[in-house]
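Student: Here's a structure for you.
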Amino acid sequence: LHSRMQNNMKPTPIPPGPGQESVWEYPRPPRVDATARKIEVTFNGEKIAETKRALCVLETAGAPVYYLPPEDVRIAQLSRTGKRTFCEWKGWATYYDLQVGDKTAYSVAWAYHDPTPGYQAIKDHLAFYAGKMDSCTVDGELVRPQPGGFYGGWVTHDIVGPIKGEPGSEYW
């Protein structure tokens, strides 16, 4: 119980430097923003997505999650899986495997095909787990996956945390 109480305490946000923002300033419930940043996803040596029309979901303590319009993703390389998860804000997510050449990544992308009210903008857009790709970039910067493996946020130099998914963040 004592350790749970310690883990349940809100962490101390890292003060943002010039040109940075704190994930602790992001809203809850999450906000969807359009972004003109160039988003690229590469797998097995091939570019499978490129866009300047992504939507970015920002949620307290989480790294930004980029949702790419399906027209800017090589959809034919994706196959729907039976995996689904539920988000209290966005609804049910459907997952996809990715096959490029002789290499497959499992449950690498997800989409909300029937999002809840307030999140219709991300309908059918695809988000990718950066850690399962060769590379994911935002304006040419190689991103780091959000810690922990569950959340799909992309960590770049312009955000500071601590970020949910790090050890001890289970009860934030």
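Student: Could you list, in sequence order, all residues of region 114-140 that are open to solvent by 50 Å² or more (accessible area, probe 1.4 Å) and either closer than 16 Å to Tyr151 by Cβ or part of a loop (DSSP other than H, G, I, E, B) (or both)? Give the derivation first.
Tutor: Step one: of region 114-140, the residues open to solvent by 50 Å² or more (accessible area, probe 1.4 Å) are 114, 117-118, 120-121, 123-124, 131-132, 134, 139-140.
Hits for region 114-140 are Asp114, Pro117, Gly118, Asp124, Gly131, Lys132, Asp134, Asp139, Gly140.
Student: (1) at positive phi; (2) open to solvent by 60 Å² or more (accessible area, probe 1.4 Å): which one isn't true of Gly165, the others all being true?
Tutor: Only one criterion is unmet by Gly165, namely (2).
Student: Being small (Gly, Ala, Ser) and either open to solvent by 30 Å² or more (accessible area, probe 1.4 Å) or touching a Cys at 6+ places or on another chain (Cβ under 6 Å) (or both): is that true of Ala61 here?
Tutor: no
Student: Inspect all residues belonging to region 71-88 and state whether any of them is surrounded by 19 or more Cβ atoms within 10 Å (Cβ to Cβ), among the hydrophobic types (A, V, I, L, M, F, W, C) and farther than 17 Å from Trp154 by Cβ.
Tutor: Yes, some residue in region 71-88 is surrounded by 19 or more Cβ atoms within 10 Å (Cβ to Cβ), among the hydrophobic types (A, V, I, L, M, F, W, C) and farther than 17 Å from Trp154 by Cβ.
Student: Being closer than 30 Å to Gly17 by Cα and either in contact with a helix residue (DSSP H, G or I) (Cβ under 8 Å, 6 or more places away or on another chain) or of a type in the set (Asp, Glu) (or both) is the requirement here; does Val160 meet it?
Tutor: On the way: closer than 30 Å to Gly17 by Cα: yes; either in contact with a helix residue (DSSP H, G or I) (Cβ under 8 Å, 6 or more places away or on another chain) or of a type in the set (Asp, Glu) (or both): yes.
Against the criterion (closer than 30 Å to Gly17 by Cα and either in contact with a helix residue (DSSP H, G or I) (Cβ under 8 Å, 6 or more places away or on another chain) or of a type in the set (Asp, Glu) (or both)), Val160 qualifies.
Student: Also: Looking only at region 88-110, count how many residues are part of a strand (DSSP E or B) and either free of Cβ contacts under 8 Å to residues at least 24 places away in the same chain or more than 30 Å from Pro27 (Cβ to Cβ) (or both). Break it down stepwise before answering.
Tutor: To start, the set of residues in region 88-110 that are part of a strand (DSSP E or B) comprises 91-100, 103-110.
Then drop every residue that is not either free of Cβ contacts under 8 Å to residues at least 24 places away in the same chain or more than 30 Å from Pro27 (Cβ to Cβ) (or both), which leaves 92-95, 97-100, 103-106.
Of the residues in that region, 12 qualify.
The values are calculated or read from the model by the stated rules, or taken from the named source; none is laboratory data. Keep in mind that this is a model prediction, so the values were computed, not measured. Counting neighbours? That spans all protein chains shown, and the Cβs are built from the backbone with ideal geometry, glycine included. Just so you know, the surface numbers come from the protein's heavy atoms only, side chains and all, with ligands and any DNA or RNA stripped out. Shrake-Rupley method; radii C 1.70, N 1.55, O 1.52, S 1.80 Å.
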